[in-house]
Each structure stands twice: as C-alpha cells, then as structure tokens.
Amino acid sequence: MAIEAKHTFDPVRIRAEFPILAKSMNGKPLAYLDSAASAQKPQCVIDSMVDLYTSYYANIHRGVYQLSEMATERYEAVRGKVAKLINARESREVIFVRGTTEAINLVAATYGRKNIGPGDEVLITHMEHHSNIVPWQMLCEEKGAKLVVAPIDDRGELMMDEFEKLLSDRTRIVSVVHQSNSLGTINPVREIVALAHARGIPVLLDGAQTMAHKRVDVQDLGCDFYALSGHKMFGPTGIGVLYGRAEVLEEMPPWQGGGDMIRRVTFEKTTFNDLPYKFEAGTPDIAAGIGLGASIDFLEGLDLSGAAEYEAELLRYAEDNLSELPGVRLIGTARKKSSVVSFVVDGMGALDVGTYLDQQGVAVRTGHHCTQPVMDRFGVSGTVRASLACYNNRDDIDRLVDGVRKVIRIFQG
C-alpha cells in the first residue's frame with residue numbers, strides 16, 4: 001500500500017527520474033537503502049555532465065576562447081545556485097571543495113591553525129563522523145590543544161546541559177554534525193550556535209546528511225561555517241562546499257598553493273587572490289561542479305517539505321516493523337531524527353545480515369559507518385543501517401523487513 005503523498009510531492013514520479021532504481025540485483029529488483037553513504041543520481045544530473053563533455057568542455061578561468069568562457073560561466077553559475085540554496089549573503093562565501101571531509105580539513109588547517117594554541121579547546125560531540133574528529137585531533141596534537149567531547153544519551157540525543165557546561169573561555173571553535181549519519185539524530189543546531197556565539201565562539205556545522213532532506217538557511221542558523229557534499233544531495237562525487245562568513249574567510253590563510261589562487265607570483269613573494277578563489281588551487285572537477293548545479297536544480301524543483309513528510313512516514317514504518325522482529329534492537333531513537341534506521345540483531349553480525357539482504361537485492365550499509373565512538377557508546381561493533389531518500393517506497397521497506405525476518409529464521413533455525 002502506497003503512502004499518501006501530501007503537498008505536491010509525487011514519489012512515483014520522483015522515483016522514475018532515477019534510472020538505476022529500475023535495475024535488478026541478484027535477479028531481484030533493487031531496493032537501494034544506502035543514501036546516507038551516497039545518494040543515487042537523477043537523469044538530469046547524468047545528462048548535465050554528459051552535455052559538458054560533449055558540447056562545451058574546456059578548462060575554466062583561463063581561456064579567452066569561447067569554449068573556455070562558456071564552461072567558466074556555467075561552472076561559476078553553480079556557485080550562485082549554492083549561495084541561493086543555502087541563503088548565503090553572497091556567492092564569494094561559497095568555497096568549492098571535494099566534499100564535507102575536505103571542507104572540515106580546510107577549516108582545521110587554516111582557521112584552526114591560526115587561532116588555536118596550547119591549552120585551547122575544540123568542542124565536538126560524541127556522535128561525530130570521523131571526518132569531524134580526526135582533523136581536530138591532528139590539529140590539537142600539533143598545537144598542544146585539547147579535543148573536548150559532549151556526551152549523548154541512550155536515545156542518541158546530545159545532552160545539551162552537558163554541552164553548555166563544556167563551553168569555556170578556552171573553547172576556540174565548536175564543530176557539530178547537523179544530522180548524524182549513523183543515528184539519524186537531528187541536533188538543535190540553532191541553539192548550539194546561540195550558546196557558542198554568546199561566548200564569542202565560532203561554529204562549524206557538518207551538513208552532509210541534511211541537504212537532501214530539508215531546507216538549510218545559513219543566515220537563519222547563524223553558523224560561521226557549513227560543510228556539505230554533492231554526492232549526498234543527488235549530485236556527483238568529487239564536489240562539495242564550504243560556506244563561510246566572508247569576514248571570517250577573509251582572515252583565514254590559504255591552505256593549498258598553486259594556480260588560480262594567486263594574484264601575482266614572483267620568486268620573492270606571492271600575493272593571493274580574492275575570495276573565493278584563494279581557497280581553490282588548481283583545476284577543479286569541472287564536470288562534478290556542473291553536476292552539482294543540476295542536482296540543485298532538481299532539489300529546487302522538489303517539494304522538499306512534502307518529501308520530508310513522506311520520508312518521515314517511511315522511517316516510522318520501517319522502525320515500527322523492524323521493532324516487531326525477534327531480537328532486533330534499534331540503535332538511535334532520538335525524538336528528532338531523519339532518514340536513518342540503524343539496528344542490530346541479537347546473536348548475529350551486521351555483516352551477515354547485510355550480506356543476506358544483498359542476495360535479496362536489498363542494499364544496506366553495515367559496520368561502524370565511520371562513527372566508531374558511537375558504536376562504542378552503544379556497546380556494539382557495528383550496525384545494519386538502512387537510510388532513506390525521497391525515491392524510496394514502502395516496497396523497499398517491506399523487502400528489508402522480510403529479508404531480516406528470513407535471515408533471523410535461517411540463523412536461529
């Protein structure tokens with residue numbers, strides 16, 4: 001039975017825009033439930049990249065000939081699309097990077113290296129992805145600073161009273177995930193930003209898991225940095241964005257040297273380019289940038305609030321049905337969560353469950369999901385994670401639940 005769509009969101013039409021979802025795996029229709037790792041691509045994104053390579057490809061920012069000027073114009077137009085999508089004040093606040101991981105590393109290596117010293121603290125949470133742990137660990141080891149971790153409770157929710165207590169005169173930056181990739185928890189990021197800013201502390205938000213599911217307004221959130229990945233929001237891999245407030249970015253040194261990030265180079269001295277180019281050394285992934293633009297067009301044409309309601313109903317349906325299976329325990333039951341259901345099955349390894357599901361054409365992720373501290377917190381080595389997008393339906397969930405039911409019978413039988 002199909003979930004009744006609300007607003008103008010049409011899940012059947014949306015699903016038809018993703019050609020890979022018509023594919024069969026192991027002789028069975030594909031049920032793709034791993035969008036938190038990487039979302040599938042609509043035909044418009046695929047076509048946009050093919051069109052670049054067949055119609056107007058050239059290197060950008062350098063050529064005076066028509067192909068180069070055309071490619072440059074269309075690539076730079078994507079920067080404006082990103083700025084509009086996240087409501088940045090101006091397009092120069094949009095820095096193109098390879099993805100969220102590179103965006104966080106950029107901030108750690110530039111803002112962090114300049115502003116963090118011995119005895120200072122970096123505050124994160126216990127639910128962070130490794131990409132929002134390791135760069136700060138590396139910086140703290142280099143600078144003699146301390147990485148401070150705010151705890152989460154048994155539901156997978158950030159303990160805000162403890163978070164607030166950990167803010168101190170030594171805190172130099174707060175870096176927090178907007179939505180957990182392994183738990184689905186949606187953090188109260190507006191409150192986090194307000195608490196930090198009351199002490200004059202800048203905030204970076206990891207938005208990798210958020211962009212495909214809800215509108216993000218960086219001015220409304222008030223954050224200083226926001227990081228996102230194109231491939232999580234129906235675009236290609238190899239492209240992402242670091243948003244930064246212009247006045248903060250202006251004070252940050254470049255982090256890579258090379259072509260296009262310079263104004264003038266002599267052997268004695270180099271002067272750097274203006275924003276955003278001083279952070280974009282070398283030839284970028286032009287096709288990925290064009291694909292990102294097409295994915296933004298797709299998102300802008302989507303009734304995202306209707307899609308969010310549809311996904312929330314799917315999530316409840318999945319959690320309710322999985323919870324009824326013997327020995328299944330959900331990991332992450334936050335009151336505000338989105339798109340992710342993680343679970344373990346008593347007496348069974350997550351890999352065994354995932355391998356059997358794959359034989360049934362159901363694609364899920366197993367393991368620690370680059371959040372080993374989260375797994376340690378819940379006393380498990382890994383989970384089975386089914387993650388949703390607007391192109392999923394109840395049949396995908398029914399096949400997931402049926403597959404888990406069958407593998408339990410096999411292992412217990």
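Brief remarks on what is shown
- When Glu128 is tested against the conditions (1) charged (D, E, K, R); (2) free of Cβ contacts under 8 Å to residues at least 60 places away in the same chain; (3) under 20 Å from Val176 (Cα atoms), the lone failure is (2).
- Counting the residues of the range 297-341 that are in a strand (DSSP E or B) and within 21 Å of Met233 (Cβ to Cβ) gives 3.
- The residue that is farthest from Thr185 (Cα to Cα), counting only those in the range 326-341 that are surrounded by 14 or more Cβ atoms within 10 Å (Cβ to Cβ) and touching a Lys or Arg at 6+ places or on another chain (Cβ under 8 Å), is Val341.
- Tabulated pairs, the range 140-153, first at pLDDT 95 or above, second aromatic (Phe, Trp, Tyr), C-beta under 7 angstrom, 6+ apart or interchain: Leu147/Trp136; Ala150/Phe163
- Residue within the range 265-287 that is under 20 Å from Phe225 (Cα atoms), modelled with pLDDT of 95 or more and small (Gly, Ala, Ser) present: no
- Answer residue from the range 374-411, given it is over 23 Å from Ala308 (Cα atoms) and β-branched (Val, Ile, Thr) and is surrounded by the fewest Cβ atoms within 10 Å (Cβ to Cβ) among those: Ile410
- Within the range 317-351, the residues that satisfy the criterion of being of a type in the set (D, E, K, R) and over 19 Å from Phe378 (Cβ atoms) are Asp320, Glu324.
- Qualifying residue in the range 116-127 (condition: assigned to a loop (DSSP other than H, G, I, E, B), at positive phi, of a type outside the set (A, V, I, L, M, F, W, C) and at pLDDT 95 or above): yes
- Any hit, the range 233-243, residues being touching a Leu at 6+ places or on another chain (Cβ under 6 Å) and either surrounded by fewer than 24 Cβ atoms within 10 Å (Cβ to Cβ) or among the aromatic types (Phe, Trp, Tyr) (or both): no
- Here the condition is being among the hydroxyl-bearing types (Ser, Thr, Tyr) and either free of Cβ contacts under 8 Å to residues at least 12 places away in the same chain or closer than 23 Å to Leu21 by Cα (or both); of Ser381, Ser342, it holds for Ser342 alone.
- Within the range 207-246, the set of residues being aliphatic (A, V, I, L, M) and in a loop (DSSP other than H, G, I, E, B) comprises Ala208, Met211, Ala212, Val216, Ile239.
- Single condition Thr271 does not satisfy, out of (1) in contact with a Lys or Arg (Cβ under 7 Å, 6 or more places away or on another chain); (2) more than 24 Å from Val174 (Cα to Cα); (3) assigned to a loop (DSSP other than H, G, I, E, B); (4) not aromatic (Phe, Trp, Tyr): (3)
- Pairs where the first residue, in the range 346-357, is in a loop (DSSP other than H, G, I, E, B) and the second is not basic (Lys, Arg), C-beta under 6 Å, 6+ apart: Asp346/Gly327; Met348/Phe411
- Qualifying residues in the range 258-297 (those that are surrounded by fewer than 20 Cβ atoms within 10 Å (Cβ to Cβ) and among the aromatic types (Phe, Trp, Tyr)) - the one nearest to Gly99 (Cα to Cα): Tyr277
- Filtering Ala39, Ala71, Ala5 for residues that are at pLDDT below 95 and not assigned by TED's automatic domain parsing to the domain that holds Asp398 leaves a single hit, Ala5.
- Within the range 176-202, restricting attention to residues that are in contact with an Asp or Glu (Cβ under 8 Å, 6 or more places away or on another chain) and surrounded by fewer than 23 Cβ atoms within 10 Å (Cβ to Cβ), the residue that is nearest to Met160 (Cα to Cα) is Leu195.
Residue by residue, here is whether (1) among the β-branched types (Val, Ile, Thr); (2) more than 22 Å from Asp10 (Cα to Cα) holds:
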site: Met252; (1), (2): no, yes
site: Arg263; (1), (2): no, yes
site: Lys269; (1), (2): no, yes
site: Leu302; (1), (2): no, no
site: Thr333; (1), (2): yes, yes
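- Members of the range 80-104 found to be in a helix (DSSP H, G or I), closer than 20 Å to Asp260 by Cα and touching a Pro at 6+ places or on another chain (Cβ under 7 Å), listed by number: Arg92
The values are calculated or read from the model by the stated rules, or taken from the named source; none is laboratory data. Bear in mind the structure is a predicted one, so any value in this text is a computation, not a measurement. So basically every Cβ, Gly included, is an ideal-geometry build from the backbone, and we count neighbours across all protein chains shown.
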